[in-house]
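The values are calculated or read from the model by the stated rules, or taken from the named source; none is laboratory data. Just so it is clear, the model here is predicted, and its values are computed rather than measured. Ideal geometry is used to build each Cβ from the backbone, glycine not excepted, and the neighbour counts take in all protein chains shown. Note: accessible area is taken over every heavy atom of the protein model, side chains too, but ligands, DNA and RNA are not part of it. Shrake-Rupley method; radii C 1.70, N 1.55, O 1.52, S 1.80 Å.
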Amino acid sequence: MTDTRRRVKVYTLNEDRQWDDRGTGHVSSGYVDRLKGMSLLVRAESDGSLLLESKINPNTAYQKQQDTLIVWSEAENYDLALSFQEKAGCDEIWEKICQVQGKDPSVDITQDLVDESEEERFEDMSSPGLELPSCELSRLEEIAEVVASSLPSPLRREKLALSLENEGYIKKLLELFHVCEDLENIEGLHHLYEIIKGIFLLNRTALFEVMFSEDCIMDIIGCLEYDPSLSVQRKHREFLTKTAKFKEVIPISDPELKQKIHQTYRVQYIQDVVLPTPSVFEENMLSTLHSFIFFNKVEIVGMLQTLLLRIVSRTICSGCIYPCAEISTECHPKVTQEDEKFLTELFAHLTDEATDDEKRQELVNFLKEFCAFSQTLQPQNRDAFFKTLSSMGILPALEVILGMDDTQVRSAATDIFSYLVEYNPSMVREFVMQESQQNDDDILLINLIIEHMICDTDPELGGAVQLTGLLRTLVDPDNMLATTSKTEKTEFLGFFYKHCMHVLTAPLLANTTEEKPSKDDFQTAQLLALILELLTFCVEHHTYHIKNYIINKDILRRVLVLMSSVHSFLALCALRFMRKIVGLKDEFYNRYIVKSFLFEPVVKAFLNNGSRYNLLNSAIIEIFEYVRVEDIKSLTAHIIENYWKALEDVDYVQTFKGLKLRYDQQRERQDNPKLDSMRSILRNHRYRRDARSIEDEEEMWFNTDEDDLEDGDPMVLPSDKIKNSEDLMDPISKFMERKKLKESEEKEVLLKTNLSGRQSSSFKLSFSGGTKTNITNQSTASSLPGSPGSPGSPGSPGSPGSVSKSTPQTAAITTKGGLVGLVDYPDDDEEEDDEEEEEKEETLPLSKKAKLGS
């Protein structure tokens, strides 16, 4: 395997100060006789040819950059670099270089800025800077060469930077720039471009302070317009002065803050647009430029914080230990008359009907940015800021804005609303509950949010997704407050289900009046999926509120209409909603499901899906498997009594046969309580793999209340549970006779099926209890999952999914052209083992059973 640690790219610096890729190879270090010293060797990974052979000179300054770069100069105009694929390889070679030079590997530069070689190169070390050519038009080329030649050497860069700072050289260069532009001296302008770009690479904050001053920054941008590699001059200054405009929605009275905002925007523009994309080796040489922009933004935020503090100072004063009768400079920054008017004017213009749309959009965008800046405040000041916004009417103002037709304004208002919800959802809940006492449901703020979610025109429903998240936060009980006197959860959820839930579910109810969705386009399906996601969240986190709403409004039946949607994701959302309800194991929900036959749409969807192995198939099987594993008796009986004929042929999973077994065991217990007692006695004496002494279903049965038994079922008293073995022989014998008769009938049916090769072309499943509802499938049996006649179906002879009657029934294995085994549940094997042991016991001679039970 190739050693990627030592994998490197070799670069050389060309005459244009650009790095050329010389190839990729693997680096090593070793003694080279020809060079008489330790050397770096790089051999090409393609053909093993020698890409680099460089002696590690004790006096050469090697520099490690960005953890994966080693850069050095071998001659005056010959710079080399190795770019490593992995940091470990770079560290390894760096240690070897430092070992040869006798340096500490923790340094990034192996040679000090001042050493003997540099003293030889620069005779006068007492000179604070590098002697630059006089700043004249005729010497621009010479100046450009001095700047370019100084960049590779850390010492020369340092000296060049000192000379530029001390002599005011930059301003002299900018004067020459104006002369060159007036004379249309393109060659001189190209030299100025190289000089200014080189000064940027010196990476000095003091130089940036001069270059980015209000007097110089536009000329600096002008110099950078004349890139010699471009055939056409860029018009950066024209864009900044004519196209980019600074808008003050509410005038900023602080001139320093305004100037800092202008400067930061222009420097950011230089970094992102004007300067060419830095190479990997120049990236670290612009680190100070990144820092300059960053700290400028920090300073702007600090100035805005001061402004915000002045605005919210009245709120802060109300919480002081020594409350201020009036704002004073001892406690808080001085509040000017302009500051007092700031937010007052902002909200007045926002809610004024006379404000034109463009002005209102600017105001909303400004308020949005203002809220974004507030995130940098300290917690106490941020609390005061939002309290001030609330006291000045931010939520009523948002109500007005959200009622407007302008999409961009509403979008910005939604962002502001999200800041408020994330900061303090209780504040928003309190407001909407208070306004419900005065306003109709249609104009409540939370209902406006729901309507905007429903009416989102974005094809991807980006806004609806955002609003759904906000609604979830508002109805989440985990962030609701509870006090000794009242509970926010009780009050708000009562309000929400009374005034808002009907608005949320309106699209769902309107679209599910028939057996199929009225509208089934993609955007409608997406919207209904979002609504179902929110309702599923309510089922999981709310208690009797959502339960009463679902049962009274028959919501689950309407949701299951969406199982017939052509969009699989919507059908899955509907199924997930039902799965969440079933997962609660709440008997109120179970009785509602049984009474309304709500498993019918699920079974229909399963049958219509046919033998396809997809997510819908697996999800439907999972919900039946959950009912089986958790032994939900009411649902098990309902499913088997009403849908067994439709599901009995599905044998590529054991879920439905397991349900039938649960049902049969349940019926046997009800019909033969003595037999069940005998089984428990036998089971307590047999060897078990675990410590359980009683089956889960038996324990559930012993704990069954009288109400759970059907009318007419015998009640077994504790004294009747244990009889002598002679009393138990009669029901056991009858059970064995019924078992043998049933097995013979199954063999006859199987023989007929194998001979005919198909079953009835249609089937009808009628419900018990006199209901008129039927599941009818007019297609041939070959379309049914697991039917013997379907080619490639699990039940067909020779198909991958078929299961022989003489072999243990296990999940089918996927093979080409056949059906895949959908679900493999880990507890199947254990239950099958238990069932086999039970069958063995039942087939024992009666004499042996009597001995075991004695």
Inset, instruction - Sticking with the crude label model, points 7 Å out along Cα→Cβ, report the distance from residue 241 to residue 290 in nm, one decimal please. - result: 3.3 nm
Inset, instruction - Rounded to the nearest 0.05, what FRET efficiency do residue 487 and residue 455 give with R0 = 51 Å and r taken as the Cβ-Cβ distance? Could you check? - result: 0.95
Inset, instruction - Determine the dipole magnitude for the stretch 129-236: charges of +1 sit on the beta-carbon of Lys and Arg, -1 on that of Asp and Glu, nothing else is charged, the reference point is the Cα centre, and the result goes in debye to the nearest 20. - result: 440 debye
Inset, instruction - Give, to the nearest whole percent, the P(r) tail of the stretch 473-538 beyond 13 angstrom, counting all Cα pairs. - result: 70 percent
Inset, instruction - With r as the distance between the Cβ atoms of residue 162 and residue 465 and R0 = 45 Å, compute the FRET efficiency 1/(1 + (r/R0)^6) and round to 0.05. - result: 0.20
Legend entry - Solvent exposure of the stretch 162-205 as accessible area per residue, Å², 1.4 Å probe: 46 Å²
Inset, instruction - Name the long-range amide H neighbours of residue 37: under 5 Å, sequence gap of 5 or more, or other chain; modelled H, no Pro or chain starts. - result: 32
Inset, instruction - Keeping all protein chains in position, work out how much accessible area residue 139 exposes to a 1.4 Å probe, and write it in Å² to the nearest 10. - result: 80 Å²
Inset, instruction - Order 191, 178, most accessible first, counting only protein heavy atoms with a 1.4 angstrom probe. - result: 178, 191
Inset, instruction - Equivalent ellipsoid semi-axes for the stretch 431-582, as square roots of 5 times the alpha carbon gyration tensor eigenvalues: give them largest first, rounded to whole Å. - result: 26, 18, 14
Inset, instruction - Note down the accessible area of residue 427, probe 1.4 Å, to the nearest 10 Å². - result: 30 Å²
Inset, instruction - Pairs to check: 64/297; 516/553; 595/660. Give those whose C-alpha atoms are more than 27 Å from each other in this structure. - result: 64/297
Legend entry - With every protein chain in place, the stretch 55-94: carbon and sulfur % of accessible area (1.4 Å): 40 percent
